[in-house]
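Here the structure comes first, spelled out in structure tokens, and everything after it is commentary.
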Amino acid sequence: MLAKLHDISVNFGEVRALDNVSLDISPNQIHAIVGENGAGKSTLMSVLFGLNVNYSGQIFIDEINKNWSTPSDAIKAGIGMVHQHFMLIESMTVLENIILGSEPNKYLGFLDFQFAKKKLYDLLRTYNFSINLNQTVGELSVGQRQMVEILKTLYRSAALIILDEPTAVLTPAERADLFNSLQDFKNAGKSIILITHKIDEVMANADHVSVMRSGQLISSLPINSTSRGQISDEIVGASKTKSISRKKIKPGPVKLHLSDLDVLGMPQIGNAFNLEVKANEIVGIAGVAGNGQAELVEAIIGLRSSKSGLIEICGTNVTEVDISTRRDAGLCYIPEDRQKRGLALDAQLSENASISLLASKAFAKGPFLRKTKIKNFTEDLIKKFDVKASSSSALANSLSGGNKQKLIIARELSLESDVIIAENPTWGVDLGAINQIHYELLSMRENGHAILLVSSDLDEILTLSDRVLVMFESELSHSFRTEKVTREELGELMLMKASEKKKRKRQISHEAI
Amino acid sequence: MLADLFDPAFADSVARIAVPILLASLGGAICHRAGVFNIALEGFILMGAFAAVLGTFMLGHVFWGVLSAILAGVFMGLLFAEFHLRRPGDAIVVSIALNLIGLGLTTYLLRAVLGVSGVFQDEALGKIIEINIPLIESLPVLGSFLSGQSILFYISIFLVFILHYIYSRHKLGFWMRAAGENPLALKTVGIKPAPVKLLALVLCGICCGLAGAQLSISNVSLFVENMSAGRGWIAVVIVLVTNGRPIPLLGLVLLFGFVDSLSLRLQGFGFPQQFTEMMPYIASLIALIFVSIRRIKDLVGMRGYDNG
């Protein structure tokens, strides 16, 4: 199948998720689409598969302009998609899941299971799959569930199969099987779109590779006219410039100390965490989202429990205490998800700004709030951080994304806490606000605060941090001084050019699962 | 003593008590399996019961009564769909509203249309046809359970098995199960979940309408304000306990019918009424305890501030 996407754009609110992306998918090819999380890969595929119909631009299948209104239109045109999160009904059998939505009719809508079984046995034989059609999906392993998803597309005679991050959940042996199957599909004349952020897999298996970043298509080249280095440069983006400089300061005493911290519910099995952040220092943790950064941050701020180990803030052991005690000990937190964790969207700016200070004498007289003081405080913050808002009594939800983030940062930094945890502080924020946020964080550093910066944006890490660590599969690398490491080295650590040690590690973790 | 307790009249009363609850539970089960949290069964039944009496009285035959009951149930189902599927109303809020509407509207119409308050009774009201099965009717005890019941008794038992069959063999059954368990999965294979849920609500309306008809023009021939008297809630409990699976549901309904009849019968033996009337509710409580034990979740790591 020849699929053409022409000038596709998608807006989510004020965020431009896809920006005039044009892409050609040729038959008999494995076409890899790579990019960071949030680069727009999945959004582009949901447009091609008819799940997202709020786009501008055109889709051509075999030179015919198509206009999907539901996924069934795309399915009829021969497109199949294996979603990252499997779309299966766990209480149904393999057979029932495969035929759901394309049921073979016997009479009056009753199902012809024999027909479906015969067709599936043929497919199983052709592609050398082995699976028990009568087993309940809830009992299957992750790899088998993926096979069910692939069989769903084959049963519908898909000529173009989209696989969204198919290897993220597989064991090495299952990965090898998957890529063998993909080669078989390719040889049978199907087109394959492989969405991934693992460059190794792309280099080894793809015929063509397209790179996406921030909603734009950066490049689309045959695999033999590009290189691993070029792809990883294009993924992380090499040419953002910022007029922000980090002055040389000698770091002070240790403010945040993690020793042998074993966090509950990490996404992968890694080692315990050891980390120090000193005064006048920014320590960056780089990594692709989903490698355990969010869980580590939750453990530090007190949203998540730890199995063992210590968290110390300014020398006080806070491992067992609740969030407000931790904040009193000198901790503040700039969350990644400002809608959910950072702000009460239906409350006023002044309420949001003062929320962690309501118990203080300055803002409360007995049980009553000092409204004027709160208002003045909020107006000062708004002025100082240049938050664009109509008034201090406007609702938080009325602010734009960048201004919401500025308000949170203004609130947290105004606490003058010794330890600042900043989690993707500039995610989804426009360039002007990014510069300002970076400036504020650096001036906090100069004023003796200790900052832990968790970010999937390498530029941000390299601009701000004194030291960098990389988080991969719930494990922190040793720390590098920022001057002594290159973007490429970090990029490869983040995207994991699989070294022997890591391979072994992964095997162990899968056995444990 | 036991022979006095479990006589043919007792067997007959188990069936009569069970039928409305069975029909309402089937309706509830259809919604539950399709992912619609419908706890407005009480209001659905009440509307059905009133429409059955009104239709029979106005049009002169119980057939029209049954048809009116079905239409009233479907109307409630469509109301639910309008507020919960087409508009983003919360299912619990919509359910509470429809339960109140069911009670309020029937009480009002009783006065406005039939001109009485409290109870409406008329000689013109008949009863749904009852079927005697030769041979079976002469079986001891069981005969009066299986024979001589209203046609709705046989229809509802039939519905249990047809529903079971549809869930495993028919594409609508597949879609309804998928809509309840993983609507996004259904959407990605090209079936929109909302129409499937609408269908479930309409079928639920039909079942609950019939349940109401059984109450008002079969078990008795009259309408009393709030005559559903908690049966819709018992049905909700039964649906949740059995997870909407038709065959276990039938078993549990019969158990409730049995306990309820027993409580009536024990009154006759001089047990205090306050005690015997508690029995069906104690049985529901025990059933609920079993459900909650099954649903205790194991939260690992998170301290409960946030489940994202």
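The values are calculated or read from the model by the stated rules, or taken from the named source; none is laboratory data. Just so it is clear, the structure is predicted and the values come from calculations on it, not from any experiment. Virtual Cβ from ideal backbone geometry, glycine too; neighbours counted across all protein chains shown.
Apart from one condition, A:ARG156 fits all of (1) under 29 Å from A:ILE61 (Cα atoms); (2) basic (Lys, Arg); (3) within 22 Å of the chain's Cα centre (by Cα); the exception is (3). Scanning the stretch B:20-60 for residues that are buried (at least 24 other Cβ atoms within 10 Å of the Cβ) and without any contact (Cβ under 8 Å) to a residue 24 or more places away in the chain yields one hit, B:GLY55.
Restricting attention to the stretch A:333-342, does a residue exist that is assigned by TED's automatic domain parsing to the domain that holds A:GLU281, modelled with pLDDT under 90 and over 27 Å from A:SER456 (Cα atoms)? Within the stretch A:333-342, none of the residues are assigned by TED's automatic domain parsing to the domain that holds A:GLU281, modelled with pLDDT under 90 and over 27 Å from A:SER456 (Cα atoms).
Considering the stretch A:309-424, the qualifying helices (runs of 4 or more DSSP H), each wholly inside and each with 1 or more residues that are in contact with a Gly (Cβ under 8 Å, 6 or more places away or on another chain), run over A:323-328, A:401-414.
Scanning the stretch B:124-141 for residues that are touching a strand residue (DSSP E or B) at 6+ places or on another chain (Cβ under 9 Å) and not in a loop (DSSP other than H, G, I, E, B) yields B:GLU130, B:ILE131.
In the stretch B:266-298, which residue that is among the hydroxyl-bearing types (Ser, Thr, Tyr) and more than 11 Å from B:VAL241 (Cβ to Cβ) is modelled with the lowest pLDDT? Per the criteria, the residue is B:TYR281. Consider A:LYS66 carefully, then state whether it is of a type in the set (Lys, Arg) and either crowded, with 22+ Cβ neighbours inside 10 Å or modelled with pLDDT under 90 (or both). It is true that A:LYS66 is of a type in the set (Lys, Arg) and either crowded, with 22+ Cβ neighbours inside 10 Å or modelled with pLDDT under 90 (or both). Of the listed requirements (1) surrounded by 15 or more Cβ atoms within 10 Å (Cβ to Cβ); (2) within 13 Å of chain B (Cβ to nearest Cβ), A:LEU349 misses just one: (2).
Residues in the stretch A:299-323 that are within 12 Å of chain B (Cβ to nearest Cβ), of a type outside the set (A, V, I, L, M, F, W, C) and free of Cβ contacts under 8 Å to residues at least 24 places away in the same chain: A:GLU320, A:ASP322. Within the stretch B:163-173, the set of residues being crowded, with 18+ Cβ neighbours inside 10 Å and either more than 7 Å from chain A (Cβ to nearest Cβ) or not in a helix (DSSP H, G or I) (or both) comprises B:LEU163, B:ILE166, B:TYR167, B:HIS170, B:GLY173. Remark: A:THR153 falls outside the filter, which requires a residue to be hydroxyl-bearing (Ser, Thr, Tyr) and over 19 Å from A:ILE79 (Cβ atoms). Scanning the stretch B:119-144 for residues that are under 23 Å from the mean Cα position of the chain (by Cα) and small (Gly, Ala, Ser), which turns out surrounded by the fewest Cβ atoms within 10 Å (Cβ to Cβ)? It comes out as B:GLY126.
Would you say A:ARG481 is closer than 30 Å to A:GLY143 by Cα and either surrounded by fewer than 20 Cβ atoms within 10 Å (Cβ to Cβ) or at pLDDT 90 or above (or both)?
No; evaluated as a whole, the condition is false for this residue.
Any chance the stretch A:201-210 includes a residue that's in contact with a helix residue (DSSP H, G or I) (Cβ under 6 Å, 6 or more places away or on another chain) and either among the basic types (Lys, Arg) or assigned by TED's automatic domain parsing to the domain that holds A:GLU440 (or both)? Among the residues of the stretch A:201-210, not one is in contact with a helix residue (DSSP H, G or I) (Cβ under 6 Å, 6 or more places away or on another chain) and either among the basic types (Lys, Arg) or assigned by TED's automatic domain parsing to the domain that holds A:GLU440 (or both), which makes the answer no. Of the residues examined, B:ARG245 is one that is surrounded by fewer than 21 Cβ atoms within 10 Å (Cβ to Cβ) and in contact with a Lys or Arg (Cβ under 9 Å, 6 or more places away or on another chain).
Yes/no per residue for (1) under 27 Å from A:ASP184 (Cα atoms); (2) within 14 Å of another protein chain (Cβ to nearest Cβ); (3) assigned to a strand (DSSP E or B); (4) not hydroxyl-bearing (Ser, Thr, Tyr):
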position: A:GLN58; (1), (2), (3), (4): no, no, yes, yes
position: A:ILE75; (1), (2), (3), (4): yes, yes, no, yes
position: A:GLU90; (1), (2), (3), (4): no, yes, no, yes
position: A:LEU95; (1), (2), (3), (4): yes, yes, no, yes
position: A:GLU103; (1), (2), (3), (4): yes, yes, no, yes
position: A:GLN114; (1), (2), (3), (4): yes, yes, no, yes
position: A:LEU120; (1), (2), (3), (4): yes, no, no, yes
position: A:ASN134; (1), (2), (3), (4): yes, yes, no, yes
position: A:GLY138; (1), (2), (3), (4): no, yes, no, yes
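Could you please let me know if A:VAL297 is buried (at least 22 other Cβ atoms within 10 Å of the Cβ), in a strand (DSSP E or B) and at pLDDT 85 or above? Taking the combined requirement at face value, the residue does not satisfy it. Are any residues in the stretch A:4-15 under 15 Å from A:SER46 (Cα atoms) and at pLDDT below 85, and if so, which ones? Result: A:PHE12, single match.
Among helices (runs of 4 or more DSSP H) entirely within the stretch B:174-262, having at least 1 residues that are closer than 30 Å to A:THR70 by Cα and within 14 Å of chain A (Cβ to nearest Cβ) singles out B:183-188, B:193-214.
A search for C-beta distances below 6 Å between a residue of the stretch A:99-118 that is surrounded by 14 or more Cβ atoms within 10 Å (Cβ to Cβ) and any residue that is part of a strand (DSSP E or B), counting only pairs 6+ apart in sequence or on different chains, returns A:GLU103/A:LEU111; A:GLY109/B:HIS170; A:PHE110/B:HIS170; A:ASP112/A:LYS106. Please work out if A:ASN52 is more than 10 Å from chain B (Cβ to nearest Cβ), polar (S, T, N, Q) and either buried (at least 19 other Cβ atoms within 10 Å of the Cβ) or in contact (Cβ under 8 Å) with a residue 12 or more places away in the chain (or both). Spelling it out, A:ASN52 is indeed more than 10 Å from chain B (Cβ to nearest Cβ), polar (S, T, N, Q) and either buried (at least 19 other Cβ atoms within 10 Å of the Cβ) or in contact (Cβ under 8 Å) with a residue 12 or more places away in the chain (or both). Sort out which residues of the stretch B:1-57 are assigned to a helix (DSSP H, G or I) and of a type in the set (Asp, Glu), and write them in order of number. B:ASP4, B:ASP12, B:GLU42, listed by residue number.
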